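A quick write-up on the structure given underneath.
The values are calculated or read from the model by the stated rules, or taken from the named source; none is laboratory data. Since the model is a prediction, treat every value here as computed from it, not as a measurement. Every residue, glycine among them, receives a Cβ derived from its backbone with ideal geometry; neighbour counts consider all protein chains shown.
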Amino acid sequence: MGIDNDLAGSKIQMAKRWMAASGINPDDCMFIGDSIHDMETSLAIGVKKYTLVACGHQSYRVLREATEHVVHTMNEVTF
């Protein structure tokens, strides 16, 4: 899931609606994103296990300043 333009509203409301409709326990999920907003979205919907991948919107340095849950590529993501 994601927003289709960078001027759109927050992903948080979209993610909250999806989580509520899915009935999935947030503790059973992992959120993968490429921005600080993705981290904020993950935490807002109760998903504590997340990884930010620094091959997208924000650099490794910027992401690493916000969290330790950062990798350079998808190949480094561990589940």
For this session: Return the residue satisfying two criteria in turn: it lies in the stretch 26-70 and is within 17 Å of Ala15 (Cβ to Cβ) and of a type in the set (Lys, Arg), and of such residues it is surrounded by the most Cβ atoms within 10 Å (Cβ to Cβ).
Result: Lys49
Problem set entry | Residue count for the stretch 36-57, restricted to those that are at pLDDT 95 or above, farther than 23 Å from Ala20 by Cα and part of a loop (DSSP other than H, G, I, E, B) | 1
